[in-house]
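Following: one structure in structure tokens, then a few remarks.
The values are calculated or read from the model by the stated rules, or taken from the named source; none is laboratory data. Keep in mind that this is a model prediction, so the values were computed, not measured. Note: ideal-geometry Cβ built from the backbone for every residue, glycine included; neighbour counts use all protein chains shown. Surface areas here come from the heavy atoms of the whole protein model, side chains and all, with no ligands, DNA or RNA. Shrake-Rupley method; radii C 1.70, N 1.55, O 1.52, S 1.80 Å.
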Amino acid sequence: GQTYKVAGVTHYQDAIRAMGVENDDYRLTARELAEMDMTDVNIYQYEFYPLKVELVPEPDNQYDPNAIKVMVDGAHVGYIKAGSCAHLLKVIKEGRIKAIDASIGGGKFKYLSIDDYDENGDPICALEKDETPFFVHLNITEV
């Protein structure tokens, strides 16, 4: 399949966040994360399990008559980038989309790193918290 980054997602952050499922690991303390060997990875507040992706042509779009709205589980999350619309409109019209998978990520996260070890050999950890905008990527398989 071909991967497409969905454009305009910054306007739909609340809708995307609402699809998220709380990640239990995000609540863990630095010590608990270290004990579970969950270091040097981003542990996001939300996990996403999108089920249904729809591409909805918007010929009446005031900015671009070729616009294709991206709907995930019934929520508008953004648009196909303008440069890909002509091709995808043709594929949609010809009924050649075999599958669309969405991957969604971003948001608040924790990152635990081990900076050093104390005299007992226990890790000295640093827990950082940060946030990135949510993103939506589509993998579209054509027939």
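Okay, here's what the table says:
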quantity	calculated
Accessible heavy-atom area order of Met71, Met36, highest first, probe of 1.4 Å	Met36, Met71
Fully extended contour minus Cα-Cα distance, from Met36 to Leu127, at 0.36 nm per residue	31.3 nm
Per-residue [θ]222 nm for the chain (sum of -39500 (n - 2.57) over DSSP H runs n ≥ 4, rounded to 500)	-4500 deg cm²/dmol
Spatially close lysines, pair count over the chain: Cα under 25 Å, gap of eight or more or interchain	24
Restricting region 59-143 to trypsin sites (Lys or Arg not before Pro) in coil, as DSSP defines it, with at most 15 other Cβ within 10 Å	Lys81, Arg96
0 to 90° range, to nearest 10: angle between helix 82-93 axis and the chain longest Cα axis	60 degrees
Nearest-20 debye value, region 19-138 charge dipole, Cβ charges on Lys, Arg, Asp, Glu	1220 debye
Linear extension gain, Gln2 paired with Glu94, 0.36 nm per residue minus alpha-carbon span	31.4 nm
Which of Ala30, Phe109, Pro133, positive extreme of dipole for the chain (C-beta unit charges)	Pro133
Spin-label pair Asp25/His87, simplified geometry with 7 Å Cα→Cβ offset, distance in nm	3.3 nm
Whole-percent carbon and sulfur share, accessible surface of the chain, 1.4 Å	48 percent
